[in-house]
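Asker: Sharing a structure, written as structure tokens. Questions coming.
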Amino acid sequence: MSTPVIVSERLVLRPPRLEDLDRCAELLGDYEVARMLSRVPHPYDIERGRTSLQASVDSWADWKTAGDLGFQIDHEGEMIGGFAFKKLQETPEIGYWLGRAYWGRGFMSEAVGAAVDWLFRNTDHQLVACETMIGNPASLKVAAKLGFREVAQVDCASLSRGTTVPAIRMELTRTDFLNGFDSRQDQA
């Protein structure tokens, strides 16, 4: 069974490797990154990171039946962030992060767009969702730019903050994405 690698104009989304641990620790050790994520503690816990990375590596053994599937995002051969599909056997949810040095350059919109395109073109899922903390306007912008629509306000646990924070649940249908994605491609 071939392992998917997603290639966009500037990025490669690839399966994680155990060798990524130090880079994950470096990028996720930044509180400004960790505070916008639900599952990352601050300070970064290297052993917890190793366990999480190993689980992500293991999920690729049979990726077509995995519940969660994580990708590392590379730019010019260097890991700059991560992307994950969660609950793949239900309604998939996405999660994503980017090292602070790479913010504001359009990398995340490109990565999420390529990953969601891959999902809809290679599975029969009709819907994908995300939850974005209200205090994270950049993440909200990424989702809105790709056509996600707000469906509810929810609470999101934040390990780094040790509390729950308000978030917005957004959803995107296959039809809306592929119609919008195709028209964006035609304009490029």
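The values are calculated or read from the model by the stated rules, or taken from the named source; none is laboratory data. Note that the structure is a prediction, hence the values are computed from the model and not measured. Note that each Cβ is placed from the backbone with ideal geometry, even for glycine, and that neighbours are counted across all protein chains shown. Side chains included, ligands, DNA and RNA excluded: accessible areas come from the protein's heavy atoms. Shrake-Rupley method; radii C 1.70, N 1.55, O 1.52, S 1.80 Å.
Asker: Students often get this wrong, so try it: which of [x] 43, 39, 32; [y] 58, 32, 32; [z] 64, 38, 28 is Cα extents along the principal axes in Å as calculated from the structure shown?
Answerer: Recomputing Cα extents along the principal axes in Å here picks out [x].
Asker: I've got another one for you. Per-residue accessible area for Arg149 at 1.4 Å probe radius, Å² rounded to 10?
Answerer: For Arg149, the solvent-accessible surface is approximately 150 Å².
Asker: Aspartates and glutamates near Lys141 by alpha-carbon distance under 15 Å, same-chain residues fewer than 8 away left out - which ones?
Answerer: Within the straight-line limit of under 15 Å, Lys141 reaches these aspartates and glutamates: Glu110, Glu131, Glu150, Glu171.
Asker: I'd like the carbon and sulfur percentage of the solvent accessible area for the chain, probe radius 1.4 Å, heavy atoms only, ligands and nucleic acids excluded.
Answerer: 49
Asker: Would you mind checking which residues have amide H under 5 Å from His125's amide H? H placed 1.01 Å from N; only 5 or more apart, or other chain.
Answerer: none
Asker: If Asp155, Asp20, Asp62 are ordered by their accessible area, calculated over protein heavy atoms with a 1.4 Å probe, which sequence runs from highest to lowest?
Answerer: I get Asp155, Asp62, Asp20, largest accessible area first.
Asker: While we're looking at this one, here's another question. Within the stretch 6-46, name every residue whose backbone N is under 19 Å away from a label modeled 7 Å from Cα of Arg100 along the Cβ vector.
Answerer: Under 19 Å, as judged by backbone N against the label point of Arg100, lie 22-46 of the stretch 6-46.
Asker: Hey, if you put +1 on the Cβ of every Lys and Arg and -1 on every Asp and Glu Cβ in the chain, which of Pro16, Phe85, Leu172 ends up farthest toward the positive end of that dipole?
Answerer: Of the options given, the answer is Leu172.
Asker: Per-residue accessible area for Tyr31 at 1.4 Å probe radius, Å² rounded to 10?
Answerer: 90
Asker: Take every Cα pair under 8 Å in the stretch 68-188 that's 6+ residues apart, average their separations, divide by the length, and report that relative contact order as a whole percent.
Answerer: Computed value for the stretch 68-188: 20 percent relative contact order.
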